[in-house]
Every structure is written in structure tokens, then in C-alpha cells.
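S.K.: Let me begin by handing over the structure; questions about it come next.
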Amino acid sequence: MTTTMDLEQLKNLVSDREALLNNLEAADTAPLLMVLVHLGGDRSWLDRIAPHIKGPWSFHDETPDALKAEMREAVADILEIYAETGRALPTELPMDILPQMLKACTGQVVPAEYFPLINEEIDLAGTDPKTVQWRKHPAPEKLAAFNVLVVGAGFSGVGMGIKMQEAGILFTIIEKNEDVGGTWYENTYPGIGVDTANHFYSYSFDNNNDWDHFFAKGDQIEAYIKRNVERTSLRKHIRFSEEVLSLRWDEASLMWHAEICRKDGTTYQITANAVVSAVGMLNRPKVPEIKGLESFSGPAFHTARWDHSADYRGKRVGMIGTGASGMQVGPAIQNDVSNLTIFQRSPHWAMLNPLYFETVTESKKWVLNNIPFYTKWFRFQLFWSSSDTFHHNLKVDPNWPDKKHTLNAANAEVRKQLEAHIASEVGHDPELIRKATPDYPPYGKRMLRDNHWYRMLTKPNVDLVDLSIDHVEPEGVVTSDCTLHPCDILVLATGFETRRMLWPMQIEGRGGATILDRWGDEDPRAHLGITVPEFPNFFVIYGPNTNLSHGGSAVFHLECQVRYIMQGLRELIESGNAALEIKPEPFWAYQEKVDAAHRDLVWSHGGVTSWYKNSAGRVHAASPWRLVDYRNLTEVFNPAEYEFTPAANA
Ligand code: NAP
């Protein structure tokens, strides 16, 4: 056994075989099969079960009950052997049979290029292989002379802080809110939740087996981030209710000077050797420029600034916007309002996932918590089901005849399924079908989860208005046909300032140029989405072209970025250089690569507007890469791509 504790736990687990078998009934077939083959090594189980697993989601499992029962007995046998012999649980992936295992687990071929990524994601040993180790541990005085300023204590800032703390790097996190959580702290609108499965939308180094839903609600995600802060004692590094107003690179001291505003409006300055922006892309609410909006007589607020003092029950609510936020708000309030008028500029596609509405039963939690490695394989299964498998179908087939509506045969097939789903939900109403069906290809805008949105549209107290808004009056919203839609409350589900990334911080780099001078109002660019020429020792998490738009989890991406930044910091600290800066050549080469990759991808499609691209049609927010590509691009920080400035006293 790896530890006495493990052995005791195992002995306890197998002490009542009947109870164990009963508990195992809640296990999904694919991850349990992985546990069985990994621990027992009997690959014949793969041949027996694989034909019944038709795809990567648990609802693709068609294994007969008798076979499942037999498998549970075999799992109990194996666990008993480990408990009796005290043999160590293997914490390595069984490479000799891994391809067959992954194929059986997902119902698909998992190419070998994914194995390093899978090794990190599954992390059987629980040691986080992405952790950046010192090559030559710096002397304490060297570490004490280097400090990092992190802006923001959401998922990214906390993840960055955890890794710096592990490495012994000094840092301070400045957070404008009163607590951690970022997006998950600020967004409290009714229905708030995530549409990436949570056992995967979570740090790879802190699996959580206690999510109440497969797609968790906002408060649980906020609690998870908080739990990580407490678990790692990170809170002492965070200054709350303070906002970074500006950052200036001082060429004499080769340090960043930050101006920080306290809650009471007073400001102070601090310096840092390096800065990590962890403010994200979806933080500053975009308030639409609609004539007369300020004249509205009732409460009007953005989804990210939900006014909980405005009681919507029994009221006429107008909601502008039908993106991910609006799509969650609508069904959450429809039942309680007297009338919900939804102003739609363009519809989104929304896909149904049966797990979206399911809670994680206590017996499923038991399996996740108690069966060795089950939670790891469960996480992998979710990774595979919701990441790269569809990416290649988002490319335009040059010979495809119907490019306005679809991109290729697979995309057309998805469109057919989505249309069938809309029809099945609102089938009796052709006008509603017309309004709710996008004319652009699936995935052109963010693919949403149908959380009973279409069903809600059919309710008698809901109106979907697809005429453009002319102006707002004190009594309500007036559309282009001069109709006044009376409202008591106006909800702005209108998204975020994704084009002006890092705004409103004033960031002045080497030579005095600000980042907005370089990016303009809507063309942010960074090497790998992380570093920017003329901005030394400045790193961005969730920066330009890093939004995952085909699938995957933002947490996966941020962990890739944290690893890369940690290597950059290691390079600086170990070498004793004062600054590093991305050279223009690799920076521009990367920009060309990104733009070239986007050229044929769905997000550049001419027939769709989205927050992924700017007014010139350049995709600035979406990543063109598969997760495995971005992992490989960011796996190793290449010092040859950077200009280093020695310390003044070197
Ligand atoms: P969004 O996707 O940008 O949607 C904004 C909506 O407002 C769109 O329907 C847009 O119409 C409309 N709009 C904007 N300005 C308007 C105007 N002047 N007049 C009329 N309509 C206007 O914003 P979001 O819904 O807040 O979502 C942003 C992102 O946050 C998502 O894509 C997702 O990445 C993340 N998010 C995730 C979740 C989740 O995990 N479940 C939940 C919420 C948000 P057009 O489409 O025509 O531009």
C-alpha cells in the first residue's frame, strides 16, 4: 500500500461485501471498467464491455445489467485482493493497454498525442505533474527579493497563487471584490450555473467529489474556489476591496509600479517585479448603447450586477439579450413574473444534455469518494466527452454548397439534430421556430445548453421579440415597429467588454506606450495569449485568443497558462535577470498562426456576429486550438523567444 491509511480504508471498504456491491450499483460503467482493468490488469473485460459503450457520456452506456453485475463482483474481488495482500495501488497509467482502455471508456479512438495531457489531467498519483519544479533552488535572499502582483482572485488568480505559494515565490493578489471567486462571486443572477461538467470544470489538483449537480450552480462553484483558498491558506496573500487602477513599467528600476484604489477612494502605490493579470475576459459588463435607456423608470440592471432588491415576482420583466446569461435567467424567473418580454437580436443554438438537469445522488458521491481512482477516470470521461472531439468539424469544407447555414457534413448533421430539438420543444408554433432558429452554422456563437429555454418560450406569459430595439422610454422598450413593450424591470443580459481586454486598467509598458495604444479598442493580441512585446514581466491569464469556444474547460486552459507563467518566473529568478520580454518575431509569427488557423473556422464565419470577434471580423477572443494543441504550445516556456534584461547591479 502507498500508506497505512490507504490500507485501512481499503480494508474497511471490503469488510462488508454486500454493502460494497450495493454501493457500486451507482457507479457508471465506463469509469468503473477503467478501475477494474487498471487495478486488476485483466484486459478481457475491455473486450466484453467495450461493444456496449457507444460514446463518451454516461448516457451512451448500453451494457446489459447482468454484465454490469458481474463487473461489480470482479471489482469487489480485486479490491479484496489489494486489501488482503497490502499491495500498493498502482499510480501509473498502464501504458501497454492504455489505448484499448481509453477506447473502451469513450467508445472512440483516443489518439496517442493525448496521452501526456491525459496523464496530467488524471494525475493518478495526485502529485500534479504540471507543477513547475526549481532546477536549482534559489537562495532564500533571492526569493525574498522577488515579488509578483496578481490582479484578481477568481479561478485564475487563486490557481496562480496556489502554484506560486508552493514554489515559495512571494506574491500579493489584489481583488476588487470583498471575497474570492471573480465571475462566480459577481454573477448572482437567478439560474446562475455552469454549462461545463463540474467534475472536469475544477482544478486538476483538487478533484471535488461533492458537487450536487453534474453542472453546478454558481454558489457551489464560488464555495469550491473559497475552499481552495482556505485549504491552501491563500487568504493572507489577498487584499480585498482594492482595485488596480494602473500599472507602469519603470525602466530605471525594472519594476512595475501599481496604483491601487482602496474601498474608501484613497490610493496607494506598490511595486512588483512581475505582474500577472487574472481579471479574465468576461468581467466588465457591457451596457448597451440604447437611446433612452437611462430614462427607464424602473430598476434596470446588468445580469452581472443583479439587483436583488428589485423583486421581479408578479412584475413585467423585459430582458435584452439571449446569450449564455440570458438563457439561464429566462427559465429561472419565468414562472414568477407576470410577463417576460425577451428582446432577441439574434438567436443562439442550444444543445440538450440530459445530465444538465440531474443531481449527483448521494450514492454516486459515495462511489466518487470511495472507489480508488474512480473520480479520476470519471474526470477523464468528461474531459473527452466535452473537449476536442468535435473541433475538426468546425472547419469549412471548401466544397460545401450551403456555407451560409452549415460548414460541412458533420456540422450539417448537428444542425439537423438541433433543429429537430427546437421543433420537438416548440413544434406547434412555426413562428416561434423561425424566431428561435439561427440562420448561421452551429457553433458560430457559443453553443449553449438548453436549460428548458425553448420550452419556456412557449409559455403564455413569455414573448420573444425579434424586432430591433428603437429606444427605451420610462414605461418600457419601444421596438422598430413603434410598439411600446411595457416593463417594470429591465434586465440587461448583454454580455461583457471582451474587445477592450484588461480595460479599464491603464497599463503602461516599456517606452511609455499603453496596452490600449498597442491593441486599440478591439484588437488585443498576446503571445500564446499570455505575453506582449514592450510589456516586460507582464503575463495574462485568459488573455487574447484563449477562450475555449468549441468545448473544454476554462480551468484546463488556465492551468496551462499558470504552468507557462511559472516557468517564465523560474527563468527570471534562477537566472537573476531583471526582466524578460517576448521578442517581436515569435509574437508576430504566433499572431499569423492564430489568424491562419481561424481563417477556415466557424468563428470567422461572415454570417455571424459574436463576442469572439471584433468589428473588423478578426477573431480576437476565441482560441483556434484544440486543448491538446494549446497544452503542447504552452508546455515548455522557450527562453529563446524572449529578450532578457540583466539586473542593474549584475
Ligand atoms: P453574450 O453571449 O455576449 O450575449 C449577449 C446578448 O446580448 C446577445 O444575445 C447579444 O445579441 C445581446 N445584445 C448585446 N448588445 C445588445 C444590444 N445593444 N441590443 C440588443 N441585444 C444586444 O453575453 P453573456 O450571455 O453574458 O455570455 C458571455 C459569455 O459568458 C458566454 O459566452 C460564456 O462564455 C460565459 N457565460 C457562461 C455561462 C455558463 O457557463 N453557463 C453563463 C453565463 C455566461 P447578439 O448575439 O446579436 O450580439
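The values are calculated or read from the model by the stated rules, or taken from the named source; none is laboratory data. Because the structure is a prediction, the values reported are computed rather than measured. In this analysis, Cβ positions are derived from the backbone assuming ideal geometry, glycine residues included, and neighbour counts consider all displayed protein chains.
S.K.: Mind telling me which of the residues Ala493, Ala513, Ala526 ends up being of a type in the set (Gly, Ala, Ser), closer than 30 Å to Pro624 by Cα and modelled with pLDDT under 95?
M.R.: Only one candidate qualifies: Ala513.
S.K.: Also: Being assigned to a helix (DSSP H, G or I) and free of Cβ contacts under 8 Å to residues at least 12 places away in the same chain: is that true of Glu431 here?
M.R.: Yes.
S.K.: Which numbered condition in (1) of a type in the set (Gly, Ala, Ser); (2) buried (at least 20 other Cβ atoms within 10 Å of the Cβ); (3) farther than 16 Å from Thr634 by Cβ is the only one that Ser575 fails?
M.R.: (2)
S.K.: Give the residues of the stretch 606-622 that are surrounded by 15 or more Cβ atoms within 10 Å (Cβ to Cβ) and either within 15 Å of Leu548 (Cβ to Cβ) or of a type in the set (Gly, Ala, Ser) (or both), sorted by residue number.
M.R.: Within the stretch 606-622, Ser610, Trp611, Tyr612, Val619, His620, Ala621, Ala622 meet the criteria.
Yes/no per residue for (1) out of contact with any Asp or Glu (no Cβ under 8 Å at 6 or more places or on another chain); (2) touching a residue at least 60 places away in the same chain (Cβ under 8 Å); (3) in a helix (DSSP H, G or I); (4) loosely packed, with under 15 Cβ neighbours inside 10 Å:
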{"site": "Asn198", "(1), (2), (3), (4)": "yes, no, no, no"}
{"site": "Tyr201", "(1), (2), (3), (4)": "yes, yes, no, no"}
{"site": "Phe205", "(1), (2), (3), (4)": "no, yes, no, no"}
{"site": "Ile225", "(1), (2), (3), (4)": "yes, yes, yes, no"}
{"site": "Ser246", "(1), (2), (3), (4)": "no, yes, no, no"}
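S.K.: Another question, if that's okay. Among residues belonging to the stretch 149-194 that are within 16 Å of the ligand (Cβ to nearest atom) and outside any loop (DSSP other than H, G, I, E, B), point out the one that is farthest from Pro331 (Cα to Cα).
M.R.: Among those residues, the one meeting the criterion is Ser156.
S.K.: Confirm whether Leu245 is touching a Cys at 6+ places or on another chain (Cβ under 8 Å) and aliphatic (A, V, I, L, M).
M.R.: So Leu245 passes the test.
S.K.: While we're on this one: Within the stretch 102-127, restricting attention to residues that are of a type in the set (Val, Ile, Thr) and either touching a Ser or Thr at 6+ places or on another chain (Cβ under 8 Å) or in a helix (DSSP H, G or I) (or both), which residue is farthest from Phe380 (Cα to Cα)?
M.R.: Thr106
S.K.: Would a scan of the stretch 437-453 turn up a residue that is assigned to a helix (DSSP H, G or I), in contact with an Asp or Glu (Cβ under 9 Å, 6 or more places away or on another chain) and either touching a residue at least 40 places away in the same chain (Cβ under 8 Å) or of a type in the set (Lys, Arg) (or both)?
M.R.: Yes, the stretch 437-453 contains a residue that is assigned to a helix (DSSP H, G or I), in contact with an Asp or Glu (Cβ under 9 Å, 6 or more places away or on another chain) and either touching a residue at least 40 places away in the same chain (Cβ under 8 Å) or of a type in the set (Lys, Arg) (or both).
S.K.: When you go through Ser325, Ser297, Ser363, Ser309 one by one, which is the residue that is at pLDDT 95 or above, near the ligand (Cβ under 9 Å from one of its atoms) and of a type in the set (Ser, Thr, Tyr)?
M.R.: Ser325
S.K.: Looking only at the stretch 466-493, filter to residues that are closer than 21 Å to Lys315 by Cα and assigned to a loop (DSSP other than H, G, I, E, B); which one of those is nearest to the ligand (Cβ to nearest atom)?
M.R.: Within the stretch 466-493, the match that is nearest to the ligand (Cβ to nearest atom) is Ala493.
S.K.: Scan the helices (runs of 4 or more DSSP H) fully inside the stretch 300-411 and keep the ones with 2 or more residues being touching a residue at least 12 places away in the same chain (Cβ under 8 Å) and over 21 Å from the mean Cα position of the chain (by Cα).
M.R.: Output list reads 324-333, 362-370.
S.K.: Looking at Asp219 and the list (1) modelled with pLDDT of 95 or more; (2) charged (D, E, K, R); (3) away from the ligand (no atom under 16 Å from the Cβ), which single condition is not satisfied?
M.R.: Condition (3) is where Asp219 drops out.
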